[in-house]
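S.K.: Dumping the structure here so I can ask a few things about it.
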Amino acid sequence: MNRRTMVKALGLGIPTLYLSKFTYGAENWGKVPFRPEWTSLESYQVPAWFKDAKFGLWAHWGPQCQPERGDWYARGMYQEGSDQYNFHVQKYGHPSKFGFKDVINEWTAENWDPESLMDLYKTTGAQYFMALANHHDNFDLYNSTHHAWNSTKLGPKKDIVQGWEKAAKRRGMRFGVSVHAAHAWTWYETAQRADKKGPLAGVPYDGKLKKEDGTGKWWNGYDPQGLYAQNHALSRNSEKDHTVHEQWHWDVNTGVNVPTESYCNNFRDRTIELIDNYNPDVVYFDDTALPLWPISNVGLEIAAHYYNQSQKLNKGKLQAVINGKILNEQQRKCMVWDIERGQSNRIEPEPWQTCTCIGAWHYDRRIYENGHYKSAKTVIHMLADVVSKNGNLLLSVPLRGDGSIDDKARKVVEGIADWMQVNAEAIIGTRPWHTFGEGPAQKEAPELHAQGFNEGKGKPFTQEDIRFTQKGKDVYAIVMGWPSERKISVASFANKPNSSKVNKVIMLGHKGKIVFSQNEAGLEITVPETAQINDIAIVFKLS
């Protein structure tokens, strides 16, 4: 490993192994607004469009949706005895003979129609759309000159990212890409295994195959190591399936096998090409802080390049957003913090985002068959809660392997659209009020750990819970359900010294007059009996 310069990573005490001397194109780090250093990225300001957007939709869709057996399929299919392994053996054959590279070959996305899907997504009021650019499976869904394993050459032989980009931008939606492939190095280590029992015990899976092994095969001329990246020793305790989570931070003290410099540089080049060719408004990284940090600074190089390019293309006004996870105080100044499947329990000082899915991240047919999607009601309640705390909600809607949306997922999207078409003004373009809300649900809100995953662990929202948003001098009180009593009391507007005086109350979607009074107990609002309102949540506009 050349240039193995050891320095201490900023604030982490972990050695950075590769300090690249990278210069991309004519880029000169000494003459640009942003340099590949945390201290330089601290001058980042979240653009107004993202603060206003509040709601985005995500197609977390790629070849791992083809089996329709859930998330992390390309790893789980190599875990002997697991559900996905057993499913794979039955459907496709043993992973020594039919690996994930062969699943990619089966994936044709024959029913994918990004234009009609974006028409549906647009009805929800979503302001931005996120497309999966690659996952931990290391398959690029765009025309990548640095990576032969991409969707224009293999599988569907289509530029998936370009299709999504054109459809979103035609409808005036901001466009984002999610990038997950930095972790393929360790994530695919299960592909180096072999069965420990049964008739094929000891026969290696296909994770160590080389280019010369492809003679006479459909993948002739392609190097499987370009996809699997497994020509290296295993990480410590790799045989234990959950070790990959403990080593996610690239902390060398955990025994993680450190990627080569060429691997890190290739990831950088692929990602910068994605940014330059598709001009995304958002880049979502499924990484702690930035990709491959702190063993390499290529993530910092990508971030600095992206911000500089955005500023250059937008006449000095930076419009780019990077999403990263598990950020320290300094890093939260450099990008937008993303919480996965979770929520904050306070108004965050900086804009943030929670990402979730109505089902599994990759399509799981069992969730559809068992009717286990999140309901439109659950999504709207989550959206109101997140927005009241200065956040955005990025919602993934599962697509089948063929690219189509199933009837139950469509119904959820249509349910969200029905509510948003009446109440979007209480969400889009708003800011937090001085308190995010009131009601019993917050009293049992679960603590946030690591990157999130506290979703659904607290008390469900009911009509006793209210969330507030603000736009100018108007405050929106979002009541999480139809009140059981005709009168509701909003305690946060109690008539006290220095409290806000309410002069007018409007119920969104209702044309009639709303009767109200303000006293020391709160703002009492009489709910009209004849209102034809979507009862997922009702919104009162307080002026």
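Every read-out reported here was derived from the displayed coordinates using simple, explicitly stated rules and does not represent laboratory data. On a predicted model such as this, the values are computed, not experimentally measured, just so you know. Glycine gets a Cβ as well: all are built from the backbone with ideal geometry, and neighbour counts include every protein chain shown.
S.K.: Under a Cβ-only charge scheme (Lys and Arg +1, Asp and Glu -1), can you give me the dipole magnitude of the chain about the Cα centre, in debye to the nearest 20?
M.R.: 1020
S.K.: Grab the Cα-Cα distance for Val46 and Asn237, subtract it from 0.36 nm times how many residues apart they are, and report the gain in nm with one decimal.
M.R.: Gain on stretching Val46 to Asn237: 64.7 nm.
S.K.: While we're looking at this one, here's another question. Explain nothing, just compute: Karplus ³J(HN,Hα) = 6.51 cos²θ - 1.76 cosθ + 1.60, θ = phi - 60°, for every residue of segment 150-167 in order, whole Hz, x for Gly and Pro.
M.R.: Residue by residue, segment 150-167 yields 9, 6, 7, 10, 10, x, x, 6, 9, 8, 5, 4, 5, x, 5, 4, 5, 5 Hz.
S.K.: Could you check the simple spin-label distance between Gln470 and Asp276, using points 7 Å along Cα→Cβ, in nm with one decimal?
M.R.: Spacing of the two 7 Å Cα→Cβ label points: 4.4 nm.
S.K.: What's the local net charge at Gln230, with K and R +1, D and E -1, over the other residues with C-beta under 15 Å away? Provide the component values of the computation, followed by the final result.
M.R.: Numbers: positive: Arg75, Lys101, Arg193, Lys208, Lys210, Lys211; negative: Asp137, Glu189, Asp206, Asp213, Asp223, Glu239.
That sum, taken over residues with Cβ under 15 Å, equals 0.
S.K.: Now for a different question. Determine the sum of side-chain charges near Leu200: Lys and Arg each +1, Asp and Glu each -1, restricted to other residues whose C-beta is under 12 angstrom from that of Leu200.
M.R.: That works out to +2.
S.K.: Sticking with this structure for a sec: Give the long-range amide H neighbours of Ser151: residues separated by 5 or more places, or on another chain, with amide H under 5 Å away, using H modelled in the peptide plane at 1.01 Å from N.
M.R.: Asp140, Leu141, Tyr142
S.K.: For Met77, enumerate residues with amide H under 5 Å from its amide H, sequence gap 5+ or separate chain, H modeled in the peptide plane.
M.R.: The list, which skips near neighbours in sequence, is empty: none.
S.K.: Please give me the summed charge of the neighbours of Ala477: other residues whose Cβ is under 10 Å from its Cβ, Lys and Arg +1, Asp and Glu -1.
M.R.: Once all neighbours under 10 Å are counted, the net charge is +1.
S.K.: How would you order 150-157, 212-219, 342-349, 304-311 from highest to lowest mean count of nearby Cβ atoms within 10 Å?
M.R.: By packing density, highest mean first, the sequence is 304-311, 150-157, 342-349, 212-219.
S.K.: For each pair in Lys166/Lys315; Lys325/Lys541; Lys217/Lys240; Lys377/Lys511, compute the distance between the two Cα atoms and list the pairs where it is over 29 Å.
M.R.: Table pairs above 29 Å Cα-Cα are Lys325/Lys541; Lys217/Lys240.
S.K.: Next up: Could you work out [θ]222 nm for the chain from helices alone, using -39500 (n - 2.57) per DSSP H run of at least four and dividing by all its residues? Round to the nearest 500 deg cm²/dmol.
M.R.: -7000 deg cm²/dmol, from helical runs alone.
S.K.: What aspartates and glutamates could a cross-link reach from Lys459, if we take a straight Cα to Cα line under 15 Å and drop same-chain neighbours fewer than 8 places away?
M.R.: List returned: Asp385, Glu438, Glu444, Glu447.
S.K.: I need the phi-derived Karplus couplings for segment 354-364: 6.51 cos²θ - 1.76 cosθ + 1.60, θ = phi - 60°, integer Hz, Gly and Pro marked x.
M.R.: 10, 10, 8, 9, 6, x, 8, 4, 9, 3, 10
S.K.: What spacing in nm lies between the two simple spin-label points modelled at Asp119 and Lys443, each 7 Å away from Cα in the Cβ direction?
M.R.: Once both label points are built, they end up 4.9 nm from each other.
S.K.: Follow-up question, since we're still on this one. Would you mind getting me the FRET efficiency between Thr215 and Glu106? Use the beta-carbon distance for r and R0 = 22 Å, nearest 0.05. Don't jump to the answer; show the numbers that get you there.
M.R.: Values: r = 21 Å, r/R0 = 0.96.
My answer for the efficiency is 0.55.
S.K.: Could you tell me the center-to-center distance, by alpha carbons, between segment 177-207 and segment 104-151 in angstrom?
M.R.: 24
S.K.: Please give the residues of segment 115-154, grouped as numeric ranges, whose backbone N is less than 17 Å from a label point set 7 Å along the Cα-to-Cβ vector of Gln225.
M.R.: Within reach of a label on Gln225: 147-149.
S.K.: How many angstrom lie between the Cα centre of segment 238-305 and the Cα centre of segment 466-486?
M.R.: Cα centroid of segment 238-305 versus Cα centroid of segment 466-486: 42 Å apart.
S.K.: Under the rule of at least 5 residues apart or a separate chain, name every residue whose amide H is placed under 5 Å from the amide H of Leu132.
M.R.: Close amide H contacts, sequence-distant or interchain: Ala59, Trp61, Ser178.
S.K.: Rounded to the nearest whole Å³, what is the per residue volume of the convex hull around the Cα atoms of segment 437-542?
M.R.: Per-residue hull volume (Cα only) is 134 Å³.
S.K.: What are the ³J(HN,Hα) couplings of segment 257-266, residue after residue, when phi is run through the Karplus curve with 6.51, -1.76, 1.60 and θ = phi - 60°? Round to Hz, x for glycine and proline.
M.R.: 6, 7, x, 6, 4, 5, 4, 4, 5, 5
S.K.: Bin width 10 Å, origin at 0, all Cα-Cα pairs of the chain: what percent of pairs per bin?
M.R.: Percent of pairs per bin, in order: 3, 17, 27, 25, 16, 8, 3, 1, 0.
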